[in-house]
There are 2 protein chains.
Amino acid sequence: METWKKFDANELTHSAAHHLLAVYELGTDYNGWARVSDIARQLGITRGSVSIALRSLKARGLVTADEHRMVKLSPAGLEIVTDLAAKKATVKSFLIEVLGVPAEQAEIDGCKIEHLISRHTHDRLQRLTEVMRASDEATKAVRAKLRNGSSH
Amino acid sequence: METWKKFDANELTHSAAHHLLAVYELGTDYNGWARVSDIARQLGITRGSVSIALRSLKARGLVTADEHRMVKLSPAGLEIVTDLAAKKATVKSFLIEVLGVPAEQAEIDGCKIEHLISRHTHDRLQRLTEVMRASDEATKAVRAKLRNGSSH
DNA sequence: ACTAAGTGTTTGACATATCAAACAACTGTC
DNA sequence: GACAGTTGTTTGATATGTCAAACACTTAGT
């Protein structure tokens, strides 16, 4: 069974995923552009580390830089990060709303797994989260059962 | 937000988790004892890599070796791996039974996240899986809604 | 204009996880 | 008992992700 080795056959490492997310989030304030320093600050790592990480993201065509060293997501990078942001949101909603995990723990767990789930799992998880949000009697009953077992 | 950096503040890396699981699983056939070669074969990596990985697991007191170089989980290692095996089972059941993810994809996704979820999330996920297995009318109705949305 | 601060890069270091190849020590077979 | 195969370890290599420190360049303050 060699499934476990496919871990790093992911498109994105944990580190790369968060660098891209940082560029994306910082960019919303500046028309898509972000600076190395701000990325470093946001991720809590040094400018040097970001500089090196961006090197390979540029090489992979996921980010671009202009003559003033401002950094921006490429179309390919934007596509990846959009997908990632959707997964992040779904996982977080699921953990908090459906499972009832405390927000802080949901943040920690979600952060670790958001970029690892497949398209398929994401779709199904999103569907489940939507269904569980409904307020018909059947759903309410299931939610109630779920709550009762919380003293685990 | 520095939550993301806690990724490797995990007790266990992906690699360490799978080495421990391998010792555990191989051990069931031999009274708890496993050999480096068998671990390597099971994980699909070289004996050398396993040898090095075991070095640090020994140093951390998670596995022990006897005079014939047979490897065994320590009590601490066994405790960790028992917990891990439970998470693995829960995540897999959830993905397959509740989400309806195909078994192979569930294997891939589950393998990536099983060792990353917290105790809390595991408990809640287990509860959800149990609740969704029930065959009362309310649960059936929710499962039906879930299925209807599968054409995503 | 000068100085101080901030910015991006590079370098050398370390840790993890892997490989291939070489090695020494058993195990088995004839 | 000798030779072949298997086993566990070590070594040197590679790749990623991080750090601190040094460097050069730009920006601001006065």
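The values are calculated or read from the model by the stated rules, or taken from the named source; none is laboratory data. Note that this is a predicted model, so its numbers are computed, not measured. Here Cβ is always computed from backbone atoms with ideal geometry, including for glycine, and neighbour counts include all displayed protein chains.
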| task | Would you be able to say whether some residue in segment B:74-95 is part of a loop (DSSP other than H, G, I, E, B) and within 14 Å of DNA strand C (Cβ to nearest atom)? | result | no
| task | Determine whether A:Leu78 is within 29 Å of B:Glu107 (Cα to Cα), modelled with pLDDT of 95 or more and within 12 Å of chain B (Cβ to nearest Cβ). | result | no
| query | Got a sec? Which of A:Val101, A:Val142, A:Val131 is outside any helix (DSSP H, G or I) and touching a helix residue (DSSP H, G or I) at 6+ places or on another chain (Cβ under 9 Å)? | reply | A:Val101
| query | Looking at (1) more than 7 Å from every other protein chain (Cβ to nearest Cβ); (2) in contact with a helix residue (DSSP H, G or I) (Cβ under 7 Å, 6 or more places away or on another chain); (3) farther than 17 Å from B:Tyr24 by Cβ; (4) of a type in the set (Lys, Arg), can you tell me which one B:Lys112 breaks? | reply | (1)
| said: Give all pairs with beta carbons closer than 7 Å in which a residue from segment A:14-30 that is within 11 Å of chain B (Cβ to nearest Cβ) meets a residue that is of a type in the set (D, E, K, R) and within 13 Å of DNA strand C (Cβ to nearest atom); count only pairs at least 6 apart in sequence or on separate chains. | reply: none
| message | Against the conditions (1) buried (at least 20 other Cβ atoms within 10 Å of the Cβ); (2) touching a residue at least 12 places away in the same chain (Cβ under 8 Å); (3) assigned to a helix (DSSP H, G or I), where does A:Ile117 fall short? Just the number, please. | response | (3)
| For segment A:124-143, what are the residues that are surrounded by fewer than 19 Cβ atoms within 10 Å (Cβ to Cβ) and at the interface with chain B (Cβ under 9 Å from one of its Cβ atoms)? | A:Glu130, A:Ala134, A:Asp136, A:Glu137, A:Thr139, A:Lys140, A:Ala141
| query | Taking into account only those residues within segment A:46-70 that are among the β-branched types (Val, Ile, Thr) and over 17 Å from A:Leu12 (Cβ atoms), which is farthest from DNA strand D (Cβ to nearest atom)? | reply | A:Thr64
